[in-house]
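**Student:** Submitted below is the structure of interest, expressed as structure tokens.
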Amino acid sequence: MHIFVYTVIRAAKPHAIAREAAISGSEIAEDDTLWFASGAASSRAAGGLAEHAYRAIRTAIQEGRLEAGQRVLELELCARLKVSRTPIREALRRLQSDGMLVHAPGGGLSVAQHDLRAVAELYDLRERLEGTAAALSARFADETEIRMLQAIVDTERQLPDDPKVHARENIIFHEHIYRAAHNRFLLKSLQDLHDSVVLLGRTTFAAPGRIAEALGEHQAIVAAIARRDEAEAEALARRHVRRGYELRLNAMADAARAGSPHWIDRSKEPSDRT
């Protein structure tokens, strides 16, 4: 029964917050000239060309089609999205305000990127906030919210062995914990971290064995929340983030050794929260 409720709620509200809709529910078109999400196309009518461009470029960054450090060229974006320079410029200004684009050396804009120090700072803060969210969930989550978390874990068990699929479900899992904590300021802080997380690159679910490992971690966190064990829930959530940090450093080291050309197809390996 709880799985049915979970499905209905997801259908009515498929993504917990608007800013994540492009990540958790999108599919990248196979034609590389249309690398925006299929869901972004509807925004052309709903929010105008600038909104359409904003969502498309944002999705390209989130999905790894535009990589950290890569220059963003107006004319190329115009050609790919089939819009004029005016909506592209408006979209780029918004993305710069979001912190996803920065001024590039020599002029223009590029996708923001994190150095090792920034990554360490990001994961340190995430560990603290995610641990607090899990502890508060153990204290304040109602029975329906706990059943929802259990249903998400049940769903994760049935997913195919695909990093992309698990990364999307992982976003939903963490968002439900944030909301079950019933603290609006903590929720906003965690959501604001998300744009920094998506700039990290390929998902840690691509690491060998990580899918099964993360599922076990999720199960343990939910069990602690269900037992109302605040200390254990916090400890498990913090350990979960620390493990993600270890895998992130491994992935960054691998990328540095191999080199990383621009516009590679990472649509099967979106960024996630671990």
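The values are calculated or read from the model by the stated rules, or taken from the named source; none is laboratory data. Since the model is a prediction, treat every value here as computed from it, not as a measurement. In this analysis, Cβ positions are derived from the backbone assuming ideal geometry, glycine residues included, and neighbour counts consider all displayed protein chains.
**Student:** Right, LEU136: touching a residue at least 12 places away in the same chain (Cβ under 8 Å) and under 25 Å from ARG202 (Cβ atoms) or not?
**Tutor:** The answer is no for LEU136.
**Student:** Which residues, counting only those in the range 77-107, are part of a loop (DSSP other than H, G, I, E, B) and in contact with a strand residue (DSSP E or B) (Cβ under 6 Å, 6 or more places away or on another chain)?
**Tutor:** The answer is ALA104, and nothing else.
**Student:** While we're on this one: It is to be established whether one or more residues within the range 229-241 are in the same structural domain as GLU127 (by TED's automatic domain parsing) and outside any helix (DSSP H, G or I).
**Tutor:** Yes, the conditions are met somewhere in the range 229-241.
**Student:** Next question. May I ask you to say which residue of SER137, SER84 is of a type in the set (S, T, N, Q) and surrounded by fewer than 19 Cβ atoms within 10 Å (Cβ to Cβ)?
**Tutor:** Going through SER137, SER84 in turn, just one is of a type in the set (S, T, N, Q) and surrounded by fewer than 19 Cβ atoms within 10 Å (Cβ to Cβ): SER84.
**Student:** Which of the residues belonging to the range 162-186 are touching a residue at least 12 places away in the same chain (Cβ under 8 Å) and of a type in the set (A, V, I, L, M, F, W, C)?
**Tutor:** Scanning the range 162-186 gives ALA167, ILE171, ILE172, PHE173, ILE177, ALA180, ALA181, LEU186.
**Student:** Only one of (1) among the charged types (D, E, K, R); (2) surrounded by fewer than 20 Cβ atoms within 10 Å (Cβ to Cβ); (3) over 12 Å from HIS218 (Cβ atoms) fails for GLU156. Which number is that?
**Tutor:** Going through the list (1) among the charged types (D, E, K, R); (2) surrounded by fewer than 20 Cβ atoms within 10 Å (Cβ to Cβ); (3) over 12 Å from HIS218 (Cβ atoms), GLU156 breaks only (3).
**Student:** Would you check which residues across the range 103-119 are free of Cβ contacts under 8 Å to residues at least 60 places away in the same chain and either farther than 30 Å from THR204 by Cα or loosely packed, with under 14 Cβ neighbours inside 10 Å (or both) and list them?
**Tutor:** Across the range 103-119, the qualifying residues are HIS103, PRO105, GLY106, GLY107, GLY108, ASP115, ARG117.
**Student:** I need the full set of residues from the range 108-118 which are of a type in the set (A, V, I, L, M, F, W, C), in contact with a helix residue (DSSP H, G or I) (Cβ under 8 Å, 6 or more places away or on another chain) and not in a helix (DSSP H, G or I), in order please.
**Tutor:** The answer is LEU109, VAL111.
**Student:** Confirm whether ASP195 is buried (at least 18 other Cβ atoms within 10 Å of the Cβ), among the acidic types (Asp, Glu) and modelled with pLDDT under 95.
**Tutor:** yes
**Student:** Another question about this same structure. I'm told ALA223 meets every condition in (1) in a helix (DSSP H, G or I); (2) in contact with a helix residue (DSSP H, G or I) (Cβ under 8 Å, 6 or more places away or on another chain) except one. Can you identify the failing condition by its number?
**Tutor:** (2)
**Student:** Within the range 148-161, does at least one residue satisfy the condition of being part of a helix (DSSP H, G or I), free of Cβ contacts under 8 Å to residues at least 24 places away in the same chain and within 26 Å of GLY209 (Cα to Cα)?
**Tutor:** The answer is yes, given that some residue of the range 148-161 is part of a helix (DSSP H, G or I), free of Cβ contacts under 8 Å to residues at least 24 places away in the same chain and within 26 Å of GLY209 (Cα to Cα).
**Student:** Could you say whether any residue in the range 122-145 is outside any helix (DSSP H, G or I) and assigned by TED's automatic domain parsing to the domain that holds ASP229?
**Tutor:** There is at least one residue in the range 122-145 that is outside any helix (DSSP H, G or I) and assigned by TED's automatic domain parsing to the domain that holds ASP229.
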